[in-house]
Amino acid sequence: MPTMPIRPHAPLLETVLDQIGSDIVSGKIKSGEKFTLQTLCESFSISRTVARETMRALEHLGMVSSSRRVGITVLPSSQWSVFSEPIIRWRLREPSQRNEQLSSLTALREAVAPRAAAIAAVAASQREGQRLRDLAATMRTLGADEEGTSEEYLNTNLEFHSLLLECSDNEMFSALIPSISAVIRARYDAGGFDAQPSNELLDTYDALAEAVFHRDDNAASQECAKLIALESATA
(Lines give C-alpha, C1' and ligand atoms only; values in the text may rest on other atoms or scores of the structure.)
Protein backbone atom coordinates (compact mmCIF):
# COMPACT_ATOMS: atom_id res chain seq x y z
CA MET A 1 0.00 0.00 0.00
CA PRO A 2 1.68 3.26 -1.11
CA THR A 3 2.09 6.23 1.18
CA MET A 4 -0.73 8.73 0.63
CA PRO A 5 -1.01 12.37 1.70
CA ILE A 6 -3.60 13.37 4.26
CA ARG A 7 -5.82 16.33 3.38
CA PRO A 8 -5.22 19.18 5.82
CA HIS A 9 -8.01 20.22 8.19
CA ALA A 10 -10.10 17.11 7.46
CA PRO A 11 -10.95 14.71 10.32
CA LEU A 12 -8.19 12.12 10.27
CA LEU A 13 -10.31 8.98 10.53
CA GLU A 14 -12.79 10.24 7.92
CA THR A 15 -9.97 11.09 5.51
CA VAL A 16 -8.17 7.76 5.83
CA LEU A 17 -11.43 5.81 5.58
CA ASP A 18 -12.49 7.78 2.52
CA GLN A 19 -9.20 7.15 0.74
CA ILE A 20 -9.05 3.42 1.49
CA GLY A 21 -12.75 2.89 0.75
CA SER A 22 -12.41 4.68 -2.57
CA ASP A 23 -9.35 2.60 -3.46
CA ILE A 24 -11.14 -0.66 -2.66
CA VAL A 25 -14.17 0.34 -4.74
CA SER A 26 -12.01 1.44 -7.68
CA GLY A 27 -9.94 -1.75 -7.54
CA LYS A 28 -6.68 -0.04 -6.69
CA ILE A 29 -6.78 -2.23 -3.60
CA LYS A 30 -8.03 -5.56 -4.91
CA SER A 31 -10.22 -8.23 -3.39
CA GLY A 32 -8.06 -10.70 -1.48
CA GLU A 33 -5.27 -8.21 -0.89
CA LYS A 34 -3.89 -8.24 2.66
CA PHE A 35 -2.38 -5.56 4.84
CA THR A 36 -1.80 -4.88 8.54
CA LEU A 37 -2.47 -2.11 11.00
CA GLN A 38 1.21 -1.29 10.81
CA THR A 39 0.90 -0.89 7.03
CA LEU A 40 -1.91 1.61 7.57
CA CYS A 41 0.13 3.49 10.15
CA GLU A 42 3.11 3.77 7.82
CA SER A 43 1.13 4.52 4.64
CA PHE A 44 -0.88 7.36 6.15
CA SER A 45 1.43 8.49 8.97
CA ILE A 46 -1.31 7.84 11.50
CA SER A 47 -1.45 6.40 14.99
CA ARG A 48 -2.33 2.79 15.68
CA THR A 49 -5.57 3.99 17.28
CA VAL A 50 -6.72 5.73 14.08
CA ALA A 51 -5.62 2.70 12.02
CA ARG A 52 -7.64 0.38 14.26
CA GLU A 53 -10.77 2.58 14.03
CA THR A 54 -10.41 2.69 10.24
CA MET A 55 -10.19 -1.08 10.10
CA ARG A 56 -13.30 -1.41 12.31
CA ALA A 57 -15.24 0.97 10.07
CA LEU A 58 -14.26 -1.03 6.98
CA GLU A 59 -15.27 -4.25 8.75
CA HIS A 60 -18.65 -2.72 9.59
CA LEU A 61 -19.11 -1.93 5.89
CA GLY A 62 -18.27 -5.53 4.99
CA MET A 63 -15.26 -4.44 2.95
CA VAL A 64 -12.57 -6.21 4.97
CA SER A 65 -12.16 -8.99 7.51
CA SER A 66 -9.40 -9.20 10.08
CA SER A 67 -7.67 -11.89 12.11
CA ARG A 68 -4.54 -11.97 14.22
CA ARG A 69 -2.84 -14.55 12.03
CA VAL A 70 -3.68 -13.18 8.59
CA GLY A 71 -4.12 -9.47 9.22
CA ILE A 72 -6.67 -7.45 7.24
CA THR A 73 -8.10 -8.99 4.06
CA VAL A 74 -10.10 -7.09 1.44
CA LEU A 75 -13.42 -8.81 0.76
CA PRO A 76 -15.23 -9.14 -2.60
CA SER A 77 -18.03 -6.68 -3.40
CA SER A 78 -20.61 -9.43 -2.88
CA GLN A 79 -20.01 -9.08 0.86
CA TRP A 80 -20.19 -5.29 1.07
CA SER A 81 -23.03 -3.50 2.84
CA VAL A 82 -24.32 -2.06 -0.42
CA PHE A 83 -26.99 0.14 1.20
CA SER A 84 -24.41 1.96 3.32
CA GLU A 85 -24.06 5.62 2.41
CA PRO A 86 -20.23 5.60 2.20
CA ILE A 87 -20.19 2.69 -0.25
CA ILE A 88 -22.89 4.31 -2.37
CA ARG A 89 -20.93 7.57 -2.37
CA TRP A 90 -17.67 5.86 -3.36
CA ARG A 91 -19.36 3.92 -6.16
CA LEU A 92 -21.06 7.01 -7.54
CA ARG A 93 -17.72 8.82 -7.48
CA GLU A 94 -15.92 6.03 -9.33
CA PRO A 95 -16.38 6.50 -13.13
CA SER A 96 -16.28 2.76 -13.87
CA GLN A 97 -19.13 2.04 -11.43
CA ARG A 98 -21.19 5.22 -11.43
CA ASN A 99 -23.72 4.34 -14.15
CA GLU A 100 -24.34 0.84 -12.81
CA GLN A 101 -24.75 2.11 -9.26
CA LEU A 102 -27.07 4.91 -10.33
CA SER A 103 -29.16 2.44 -12.36
CA SER A 104 -29.47 0.11 -9.36
CA LEU A 105 -30.47 2.93 -7.04
CA THR A 106 -33.02 4.29 -9.50
CA ALA A 107 -34.59 0.82 -9.84
CA LEU A 108 -34.76 0.64 -6.03
CA ARG A 109 -36.47 4.01 -5.90
CA GLU A 110 -38.97 3.00 -8.57
CA ALA A 111 -39.86 -0.12 -6.60
CA VAL A 112 -40.07 1.44 -3.16
CA ALA A 113 -41.11 5.09 -3.38
CA PRO A 114 -44.62 4.72 -4.91
CA ARG A 115 -45.53 2.09 -2.31
CA ALA A 116 -44.12 4.27 0.47
CA ALA A 117 -46.14 7.21 -0.83
CA ALA A 118 -49.35 5.17 -0.76
CA ILE A 119 -48.71 4.10 2.82
CA ALA A 120 -47.76 7.65 3.80
CA ALA A 121 -51.12 8.87 2.53
CA VAL A 122 -52.74 6.65 5.15
CA ALA A 123 -50.21 6.94 7.97
CA ALA A 124 -49.00 10.54 7.79
CA SER A 125 -50.22 13.05 10.34
CA GLN A 126 -51.91 16.24 9.18
CA ARG A 127 -48.80 18.14 10.24
CA GLU A 128 -46.56 15.92 8.10
CA GLY A 129 -48.92 16.24 5.15
CA GLN A 130 -48.86 20.02 5.50
CA ARG A 131 -45.07 19.99 5.65
CA LEU A 132 -44.98 18.17 2.31
CA ARG A 133 -47.26 20.85 0.87
CA ASP A 134 -44.99 23.57 2.24
CA LEU A 135 -41.90 21.92 0.76
CA ALA A 136 -43.59 21.60 -2.64
CA ALA A 137 -44.56 25.28 -2.45
CA THR A 138 -40.97 26.23 -1.60
CA MET A 139 -39.67 24.32 -4.61
CA ARG A 140 -42.18 26.14 -6.82
CA THR A 141 -41.08 29.52 -5.48
CA LEU A 142 -37.39 28.70 -5.94
CA GLY A 143 -38.09 27.38 -9.43
CA ALA A 144 -39.93 30.56 -10.39
CA ASP A 145 -36.87 32.51 -9.27
CA GLU A 146 -34.65 30.24 -11.41
CA GLU A 147 -33.07 28.78 -8.27
CA GLY A 148 -33.70 25.15 -9.21
CA THR A 149 -29.97 24.42 -9.22
CA SER A 150 -29.35 26.03 -5.83
CA GLU A 151 -28.37 24.19 -2.66
CA GLU A 152 -31.60 25.43 -1.09
CA TYR A 153 -33.67 23.74 -3.79
CA LEU A 154 -31.63 20.53 -3.44
CA ASN A 155 -32.04 20.47 0.35
CA THR A 156 -35.78 21.14 0.06
CA ASN A 157 -36.06 18.33 -2.48
CA LEU A 158 -34.12 15.94 -0.25
CA GLU A 159 -36.31 16.80 2.74
CA PHE A 160 -39.46 16.19 0.69
CA HIS A 161 -38.41 12.70 -0.36
CA SER A 162 -37.01 11.82 3.08
CA LEU A 163 -40.22 12.92 4.79
CA LEU A 164 -42.27 10.87 2.33
CA LEU A 165 -40.38 7.74 3.40
CA GLU A 166 -40.56 8.66 7.08
CA CYS A 167 -44.33 9.21 6.83
CA SER A 168 -44.76 5.61 5.72
CA ASP A 169 -44.17 4.66 9.36
CA ASN A 170 -42.09 1.72 8.12
CA GLU A 171 -38.59 1.39 9.53
CA MET A 172 -37.41 -0.54 6.46
CA PHE A 173 -38.46 2.29 4.14
CA SER A 174 -36.95 4.88 6.46
CA ALA A 175 -33.66 2.98 6.44
CA LEU A 176 -33.49 3.55 2.68
CA ILE A 177 -33.41 7.35 3.02
CA PRO A 178 -29.60 7.54 2.52
CA SER A 179 -29.84 5.37 -0.61
CA ILE A 180 -32.72 7.34 -2.14
CA SER A 181 -31.03 10.61 -1.21
CA ALA A 182 -27.89 9.40 -2.99
CA VAL A 183 -29.88 9.03 -6.24
CA ILE A 184 -31.19 12.57 -5.96
CA ARG A 185 -27.81 14.05 -5.05
CA ALA A 186 -26.16 12.18 -7.93
CA ARG A 187 -28.69 13.70 -10.35
CA TYR A 188 -27.93 17.12 -8.92
CA ASP A 189 -24.17 16.66 -9.20
CA ALA A 190 -24.54 15.48 -12.80
CA GLY A 191 -26.50 18.60 -13.77
CA GLY A 192 -29.87 16.86 -13.78
CA PHE A 193 -31.63 19.78 -12.05
CA ASP A 194 -32.89 22.74 -14.10
CA ALA A 195 -32.60 26.31 -12.90
CA GLN A 196 -36.29 26.69 -13.79
CA PRO A 197 -37.98 23.30 -13.30
CA SER A 198 -40.85 22.50 -15.64
CA ASN A 199 -44.40 23.26 -14.58
CA GLU A 200 -45.22 19.57 -15.07
CA LEU A 201 -42.57 18.58 -12.54
CA LEU A 202 -43.62 21.18 -9.97
CA ASP A 203 -47.30 20.34 -10.52
CA THR A 204 -46.50 16.70 -9.79
CA TYR A 205 -44.80 17.61 -6.53
CA ASP A 206 -47.89 19.62 -5.58
CA ALA A 207 -50.22 16.78 -6.56
CA LEU A 208 -48.22 14.24 -4.57
CA ALA A 209 -48.23 16.45 -1.47
CA GLU A 210 -51.97 17.05 -1.84
CA ALA A 211 -52.64 13.33 -2.24
CA VAL A 212 -50.82 12.56 1.01
CA PHE A 213 -52.50 15.46 2.83
CA HIS A 214 -55.96 14.32 1.69
CA ARG A 215 -55.17 10.63 2.37
CA ASP A 216 -55.63 9.51 -1.23
CA ASP A 217 -53.29 6.50 -1.37
CA ASN A 218 -53.95 5.61 -5.03
CA ALA A 219 -53.24 9.14 -6.20
CA ALA A 220 -50.13 9.33 -4.01
CA SER A 221 -48.72 6.17 -5.57
CA GLN A 222 -49.51 7.33 -9.11
CA GLU A 223 -48.11 10.82 -8.64
CA CYS A 224 -44.94 9.43 -7.04
CA ALA A 225 -44.37 7.06 -9.97
CA LYS A 226 -44.94 9.94 -12.39
CA LEU A 227 -42.48 12.09 -10.46
CA ILE A 228 -39.74 9.46 -10.64
CA ALA A 229 -40.32 9.05 -14.38
CA LEU A 230 -40.07 12.79 -14.96
CA GLU A 231 -36.90 13.11 -12.93
CA SER A 232 -35.27 10.04 -14.47
CA ALA A 233 -35.86 11.52 -17.92
CA THR A 234 -33.68 14.50 -17.01
CA ALA A 235 -30.90 12.49 -15.34
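The values are calculated or read from the model by the stated rules, or taken from the named source; none is laboratory data. Given the structure is predicted, the values throughout are model-derived calculations rather than measurements. Ligands, DNA and RNA are excluded from the accessible area calculation, which covers all protein heavy atoms including side chains. Shrake-Rupley method; radii C 1.70, N 1.55, O 1.52, S 1.80 Å.
Roughly how many Å² is the accessible area per residue of the chain, as a whole number, for a 1.4 Å probe?
With the other protein chains kept in place, the chain gives 51 Å² per residue.
Tabulate in residue order the Karplus-calculated ³J(HN,Hα) for the range 194-204, using 6.51 cos²θ - 1.76 cosθ + 1.60 with θ = phi - 60°, rounded to whole Hz; enter x for Gly and Pro.
9, 4, 10, x, 5, 4, 4, 5, 5, 4, 5
Using a 1.4 angstrom probe on heavy atoms only, work out the carbon and sulfur share of the accessible area of the chain in %.
That share works out to 49 percent.
If amide H atoms are built 1.01 Å from N in the plane of the peptide, which residues on other chains or at least 5 residues away come under 5 Å of the amide H of residue 64?
59, 75
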